[in-house]
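Student: So that we are looking at the same thing, I have put the structure below in structure tokens.
The values are calculated or read from the model by the stated rules, or taken from the named source; none is laboratory data. Everything numeric here is computed off the predicted structure, so don't read it as measured data. With ideal geometry, Cβ positions are generated from the backbone for all residues, glycine too; neighbour counts draw on all protein chains shown. Protein only, heavy atoms only, side chains kept; ligands, DNA and RNA dropped before computing areas. Shrake-Rupley method; radii C 1.70, N 1.55, O 1.52, S 1.80 Å.
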Amino acid sequence: MIEHPSMQFEETLRAVKIRERAGLNPRVSDIVYDSRNVTAGALFIAMQGGTTDGNRFIESALKQGAVALVTDSEPTWQKLRADHPDLAVALVEHGRRALAGISANFFSHPERSLRLSGVTGTNGKTTTTYLLESMLRSAGRISVLVGTIEYHVGDEVRPSPHTTPESRDLFQLFAEGVADGATEAVMEVSSHALEQGRVWGLHWDTAVFTNLTQDHLDYHGTMEAYFAAKAKMFTGEGGAAPPRVAIIHGEDAYGQRLVPMARAAGCEVVEFGLNGGDFRAEDVQLGANGTRFRMMTPTGSVELHTHLPGPVNVLNLLAASAAAMARGLTHEEIVRGVEAIAYVPGRFQTVDCGQPFTVAVDYAHTDDALRNVTRLARQLAAPRNGRVITVFGCGGDRDRSKRPRMGLAAGEGSDFVVATSDNPRSENPDEILLEILPGLKTSGVKFEVEADRASAIRMAVREAQENDVVVIAGKGHEKVQILRDLTIPFDDAEKAREALLER
């Protein structure tokens with residue numbers, strides 16, 4: 001951890017778009033956007049968000065010792081000027097963009113000492129970033145990794161509260177990485193982060209687009225709005241110049257639309273795909289113990305062997321390798337980086353207690369991801385006449401329209417399905433399951449419904465026979481189950497291990 005810097009209020013506002021500024025110019029000791037974290041000497045940024053408005057908590061922040069305020073609310077500005085005429089305060093147009101600029105100033109612009117590689121898309125972000133970080137490490141480079149499972153600052157591993165954190169926390173991570181000698185940052189970049197401005201002002205050296213399938217429509221509303229959020233990363237709409245290199249899955253329908261947009265913005269565009277593109281795969285050999293293929297690149301071909309199974313991971317490898325070469329790595333460094341990764345937590349992560357069948361935990365939580373993971377399970381089971389058994393559920397308070405689609409995808413890819421709960425949040429788990437059933441029934445698959453997830457996992461494990469593949473989908477690396485009134489510890493891999501030992 002680095003020591004918090006401190007600076008005059010005016011200095012934190014350098015190059016930040018401000019409508020009005022008034023009051024004193026105190027020295028601030030921290031930048032805070034959550035009033036519960038305010039300490040004496042802090043600058044509090046009051047932002048209007050989707051579910052809450054930080055402007056409601058200004059008096060609380062002042063009581064806790066905030067010495068300066070930035071607000072994106074005109075009425076709040078007027079009230080502060082009347083009630084606290086000497087208070088250091090600024091009115092801004094956009095709270096999150098101001099937070100990004102102020103945080104960059106406060107932490108002395110650590111992003112300028114890093115080459116940023118961002119990965120966006122519906123599926124594949126986590127694995128692609130893990131692979132890219134491993135490749136960079138094989139070349140002797142120190143990186144900051146920011147993503148869904150965890151954050152890395154050099155060799156230090158930290159828990160990940162958000163796939164893409166708020167800009168203030170991101171700049172602190174960057175600053176700590178630079179202090180440890182990091183020269184690279186590798187990030188998963190969510191559509192929420194792009195839309196809300198959490199990565200505002202960051203210049204991506206390399207930006208990767210993996211794919212786009214239905215997800216997050218509870219937030220974005222339509223697929224067009226979802227795509228538009230992702231596209232911001234490639235078109236210079238994020239407060240900085242467009243990426244130097246755009247690496248795009250050219251066989252994805254949305255990727256095909258993105259290619260001309262990135263070119264028009266001035267990016268060098270590199271395409272990848274299983275069958276075509278600047279980076280493509282030949283002689284693919286899929287097996288239970290991993291995958292081998294020849295990767296064709298603009299500078300020749302190279303044989304890759306990965307412990308990660310399935311065609312989806314071939315795509316992830318192509319994307320990561322293209323990004324690695326854009327960052328100046330050689331084929332040899334890429335090979336070393338690939339071989340160093342045995343698995344990515346919660347991404348077809350196998351649980352082995354000596355049983356004569358395969359059990360794999362996977363994060364698949366969209367219909368497209370479920371199709372991919374059950375297809376992989378089928379490829380592993382079919383040569384030995386095994387079956388595919390799938391456990392899955394759909395999250396509460398999220399896009400309801402994908403529930404029957406996920407039921408259909410699970411049913412079409414499996415021989416037996418157990419539909420269950422997956423973070424029901426404020427919704428009734430039984431009502432979520434009712435919305436999954438039409439898709440399962442349409443598929444014609446044999447299925448059971450068991451709302452208790454631990455019981456559902458036990459049911460699938462008891463059902464399994466020699467050479468079957470059991471897929472436990474939806475939660476992957478997650479360690480909790482989010483219910484209406486509480487969050488309980490829950491680890492799919494641990495529950496599977498317990499069920500296997502019981503059996």
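Student: Got at least one residue in the stretch 390-404 being in a helix (DSSP H, G or I), open to solvent by 10 Å² or more (accessible area, probe 1.4 Å) and more than 20 Å from L145 (Cα to Cα)?
Tutor: Yes, there is a match, as at least one residue in the stretch 390-404 is in a helix (DSSP H, G or I), open to solvent by 10 Å² or more (accessible area, probe 1.4 Å) and more than 20 Å from L145 (Cα to Cα).
Student: Checking the conditions here, which among A454, A460, A473 is farther than 24 Å from R375 by Cβ and at pLDDT 95 or above?
Tutor: Step by step, each of A454, A460, A473 is checked, and only A454 is farther than 24 Å from R375 by Cβ and at pLDDT 95 or above.
Student: Please specify each residue of the stretch 352-371 satisfying the condition of being open to solvent by 20 Å² or more (accessible area, probe 1.4 Å), modelled with pLDDT of 90 or more and within 24 Å of the chain's Cα centre (by Cα).
Tutor: D362, Y363, H365, R371
Student: A further question on this structure: Going through the stretch 301-325 one residue at a time, which ones are over 21 Å from N289 (Cα atoms) and open to solvent by 10 Å² or more (accessible area, probe 1.4 Å)?
Tutor: Hits for the stretch 301-325 are S301, M325.
Student: Quick test of your reading of the structure: G328 fulfils all but one of (1) surrounded by 23 or more Cβ atoms within 10 Å (Cβ to Cβ); (2) part of a loop (DSSP other than H, G, I, E, B). Name the failing condition by number.
Tutor: Just one mismatch for G328, condition (1).
Student: Could you list all residues from the stretch 246-270 that are more than 18 Å from L194 (Cα to Cα), of a type in the set (A, V, I, L, M, F, W, C) and part of a strand (DSSP E or B)?
Tutor: Hits for the stretch 246-270 are V269, V270.
Student: Now a separate question. Just checking, which of G118, G140 is at pLDDT 95 or above and on the phi > 0 side of the Ramachandran plot?
Tutor: Exactly one residue qualifies, and that residue is G140.
Student: In the stretch 191-214, how many residues are modelled with pLDDT under 95, touching a His at 6+ places or on another chain (Cβ under 8 Å) and open to solvent by 10 Å² or more (accessible area, probe 1.4 Å)?
Tutor: Of the residues in that region, 3 qualify.
Student: Are any residues in the stretch 93-123 of a type in the set (S, T, N, Q) and open to solvent by less than 40 Å² (accessible area, probe 1.4 Å), and if so, which ones? Step through it out loud before you land on a result.
Tutor: Within the stretch 93-123, the first condition is being of a type in the set (S, T, N, Q), and the residues that meet it are 103, 105, 108, 113, 117, 120, 122-123.
Once the filter is applied, which keeps residues that are of a type in the set (S, T, N, Q) and open to solvent by less than 40 Å² (accessible area, probe 1.4 Å), the stretch 93-123 yields S103, N105, S117, T120, T122, N123.
Student: Right, another one. Return the pair list, or none, for Cβ contacts closer than 7 Å from residues in the stretch 469-498 that are closer than 18 Å to V351 by Cβ and assigned to a helix (DSSP H, G or I) to residues that are open to solvent by 10 Å² or more (accessible area, probe 1.4 Å) and not hydrophobic (A, V, I, L, M, F, W, C), at least 6 apart or on different chains.
Tutor: Every condition considered, the pairs that remain are A493/Q349.
Student: So how many residues does the stretch 472-503 have that are surrounded by 15 or more Cβ atoms within 10 Å (Cβ to Cβ) and of a type in the set (A, V, I, L, M, F, W, C)?
Tutor: Residues meeting the conditions: 9.
Student: Is it true that R56 is under 25 Å from M325 (Cβ atoms) and open to solvent by 20 Å² or more (accessible area, probe 1.4 Å)?
Tutor: Answer is no for this residue.
Student: Against the conditions (1) of a type outside the set (K, R); (2) open to solvent by less than 50 Å² (accessible area, probe 1.4 Å); (3) at pLDDT below 95; (4) outside any strand (DSSP E or B), where does V338 fall short? Just the number, please.
Tutor: Against the list (1) of a type outside the set (K, R); (2) open to solvent by less than 50 Å² (accessible area, probe 1.4 Å); (3) at pLDDT below 95; (4) outside any strand (DSSP E or B), V338 comes up short only on (3).
Student: Something else about it: For a quick check of your reading: which strands (runs of 3 or more DSSP E) sit entirely within the stretch 1-46 and have at least 1 residues that are open to solvent by 50 Å² or more (accessible area, probe 1.4 Å) and among the aliphatic types (A, V, I, L, M)?
Tutor: Result: 18-22.
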